[in-house]
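The values are calculated or read from the model by the stated rules, or taken from the named source; none is laboratory data. All figures in this text were calculated on a predicted structure; none of them were measured in a lab. A quick note on method: Cβ atoms are made from the backbone with ideal geometry, for glycine too, and the neighbour counts reach across all protein chains shown.
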Amino acid sequence: MKLIWKILIALGIVVILLAGGFSIWAYTPAQPMPEANQAMQSNAMVTVSHVDGWVTFTPNEGQPSTGVILYPGGRVNYRAYAPLANHLAEEGYLVILVPMPFNLAVFGSNKANQVIAA
């Protein structure tokens with residue numbers, strides 16, 4: 001009986017260490033380049049706003065009829081996509097950049113439904 005408890009405790013410790021290691025790995029993605037941080041700011045052609053947990057890039061001229069929802073890649077900081085989002089907004093598209101839990105889209109696969117519902 002003591003052997004079973006030792007095995008269970010050892011398995012519990014292994015699970016805790018694995019969960020902690022996964023969390024550290026998931027929350028330390030590559031940081032975006034300085035250009036990305038600059039693209040997260042509004043300019044003469046694009047308004048950048050943070051709404052309901054995502055970032056919206058809206059063209060300042062005209063009413064966009066088409067929108068794009070960007071899901072970041074695995075372990076990629078969502079801000080890394082800001083230059084692309086800003087460029088698409090300059091071309092007249094509404095662009096929504098959606099941060100993902102654990103920086104992995106597999107954990108937020110239905111985030112687009114929240115964006116569309118809003």
Within the stretch 91-118, of all residues that are touching a strand residue (DSSP E or B) at 6+ places or on another chain (Cβ under 6 Å) and surrounded by fewer than 19 Cβ atoms within 10 Å (Cβ to Cβ), the one nearest to Asp52 (Cα to Cα) is Val115
Restricting attention to the stretch 21-64, and to residues there that are at pLDDT below 90 and among the small types (Gly, Ala, Ser), which single residue is nearest to His87 (Cα to Cα)? Gly62
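Residue-wise test of (1) touching a residue at least 60 places away in the same chain (Cβ under 8 Å); (2) under 25 Å from Ala117 (Cα atoms); (3) acidic (Asp, Glu).
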{"residue": "Gly12", "(1), (2), (3)": "no, no, no"}
{"residue": "Pro34", "(1), (2), (3)": "no, no, no"}
{"residue": "Ser42", "(1), (2), (3)": "no, yes, no"}
{"residue": "Phe57", "(1), (2), (3)": "no, yes, no"}
{"residue": "Glu61", "(1), (2), (3)": "no, yes, yes"}
{"residue": "Gly67", "(1), (2), (3)": "no, yes, no"}
State all residues of the stretch 27-46 that are in a strand (DSSP E or B) and loosely packed, with under 14 Cβ neighbours inside 10 Å; if no residue qualifies, say none. Ala30
Aliphatic (A, V, I, L, M), under 20 Å from Ala36 (Cα atoms) and more than 11 Å from the chain's Cα centre (by Cα) - does that describe any residue in the stretch 92-102? yes
One residue is enough: does the stretch 59-71 have a residue meeting the conditions farther than 15 Å from Pro99 by Cβ, among the charged types (D, E, K, R) and surrounded by 11 or more Cβ atoms within 10 Å (Cβ to Cβ)? no
